[in-house]
Structures are given as structure tokens and as C-alpha cells.
1. Would you confirm whether any residue within region 134-142 is modelled with pLDDT of 90 or more, farther than 30 Å from Asp32 by Cβ, polar (S, T, N, Q) and within 21 Å of the chain's Cα centre (by Cα)?
2. So, of the residues in region 110-150 that are surrounded by 13 or more Cβ atoms within 10 Å (Cβ to Cβ) and of a type in the set (Gly, Ala, Ser), which turns out to be nearest to Ser76 (Cα to Cα)?
3. I need a count of the residues in region 33-53 that are touching a Leu at 6+ places or on another chain (Cβ under 7 Å) and exposed (fewer than 11 other Cβ atoms within 10 Å of the Cβ).
4. Of the residues Leu84, Leu53, which is under 15 Å from the mean Cα position of the chain (by Cα) and either among the basic types (Lys, Arg) or modelled with pLDDT of 90 or more (or both)?
5. Against the definition (under 19 Å from the mean Cα position of the chain (by Cα) and either within 16 Å of Arg59 (Cβ to Cβ) or of a type in the set (Phe, Trp, Tyr) (or both)), how does Asn78 come out, yes or no?
6. Among the residues of region 80-98, is there at least one that is of a type in the set (D, E, K, R) and either in contact with a Gly (Cβ under 7 Å, 6 or more places away or on another chain) or farther than 24 Å from Arg159 by Cβ (or both)?
Amino acid sequence: MSVYAHIFYAHMHLSSLGRPMTAPPRPMTHLDCNCLALRQAARHVTQFYDGHLAKAGLRIGQFGILAMLRRKGALSINALAAELVLDRTTLGRNIQPLERDGLIVAKPSPTDRRSKELHLTPAGERRYEEGRDAWIEAQVRFEESVGEAKSEDMRRLLRSLTEGGIVVDAPIGEDASL
């Protein structure tokens with residue numbers, strides 16, 4: 001069975017795991033940890049994209065912020081954090097260099113003066129365009145390496161996880177430890 005079939009099988013059954021487990025379905029070790037595998041893969045892929053975006057003076061997280069503001073327009077910090085699935089603290093660390101370099105600017109919200117909105121500046125628009133070429137190059141190289149169909153399957157699966165495919169606060173039985 002392929003790794004994708006295993007992931008799909010696990011994903012399909014996660015919603016039925018709302019009840020506490022009395023014992024794992026099979027012996028498990030740290031090598032079975034889905035979270036570890038995802039985090040390791042995420043770090044590896046992040047380094048790959050960062051290497052491509054370096055020529056535009058961006059990291060993938062910064063490029064994502066610029067791309068989201070370009071696509072959605074001005075957003076509050078909370079709205080941008082929700083769109084990017086980031087906590088406010090992490091977003092704050094990522095927007096500081098963008099503000100410092102004049103790529104984005106924080107302005108008071110026109111509807112709520114206590115809230116700030118982030119706006120893409122003309123310099124930010126230019127940097128986004130530079131980064132977009134590098135991002136496209138990374139996308140093409142990634143898909144050449146992994147395969148277009150597998151890349152699409154991977155994105156579909158990962159999006160399903162971020163869109164509520166797993167129950168984050170599901171109780172775990174006492175015996176389900178690594």
C-alpha cells in the first residue's frame with residue numbers, strides 16, 4: 001500500500017476517533033508519529049523554497065504574507081493570522097522585517113480605530129513580483145521531483161487537514177502513548 005493510501009485511510013478514520021482509545025491498534029514507536037513526519041517534511045520543503053526565494057530577498061513565510069495581502073487586500077492582523085493558520089505572535093515576528101523594509105504598512109482600521117490593518121505597499125508589490133518568479137521556479141522543480149499528480153494529492157490531503165479533517169482536541173486514552 002502506498003504512503004498516500006495509508007494517509008488517506010488514517011484521515012478517513014480520524015473523525016471516528018472521538019472516543020478514548022484503550023490501546024493503540026498496533027505497536028507504535030516515535031517513527032510512527034504523524035506530527036513528526038509532517039514537521040520534518042515541512043522544514044525540508046521550507047528550506048527548499050527559502051533557497052529559491054533568497055534571490056528576491058524573501059523567505060517563504062514572508063512571500064506568503066505578501067501574496068495573501070495582494071490577493072485579499074488590506075487585512076487585520078487577526079484576519080491575516082487566520083488566513084495563514086498562524087498565531088498572532090508568529091505572524092508578528094514575520095511582519096516585522098516586512099514593515100521595516102517598507103513592503104507592508106500597518107494603518108488603523110477605518111471601521112475600528114483600535115484595530116490595525118496591514119497594507120501592501122508599492123515596494124511590497126514589486127518584491128512580491130520578484131518573489132513570484134522564484135516561487136514559480138520552486139513549484140516547477142518540486143513537481144518535477146515529486147510528480148504532478150502526487151503533488152496535487154498531497155495538497156488536497158493537507159488542505160483537508162487544515163479545513164477540519166482532524167479533531168484537534170479529541171481525548172486520547174491513557175494507553176495511547178509513544
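1. For region 134-142, residues modelled with pLDDT of 90 or more, farther than 30 Å from Asp32 by Cβ, polar (S, T, N, Q) and within 21 Å of the chain's Cα centre (by Cα): present.
2. Ser115
3. So the count comes out to 0.
4. Selected residue: Leu84, the only one of Leu84, Leu53 that is under 15 Å from the mean Cα position of the chain (by Cα) and either among the basic types (Lys, Arg) or modelled with pLDDT of 90 or more (or both).
5. No: the conditions fail for Asn78.
6. yes
Residues checked against (1) touching a strand residue (DSSP E or B) at 6+ places or on another chain (Cβ under 7 Å); (2) closer than 16 Å to Ala54 by Cβ; (3) among the basic types (Lys, Arg):
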site	(1), (2), (3)
Glu117	yes, no, no
Gly131	no, yes, no
Val140	no, no, no
Glu144	no, no, no
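The values are calculated or read from the model by the stated rules, or taken from the named source; none is laboratory data. This structure is a prediction, so every number in the text was calculated from the model and none was measured. Positions of Cβ are generated from backbone atoms using ideal geometry, with glycine treated the same way; all protein chains shown enter the neighbour counts.
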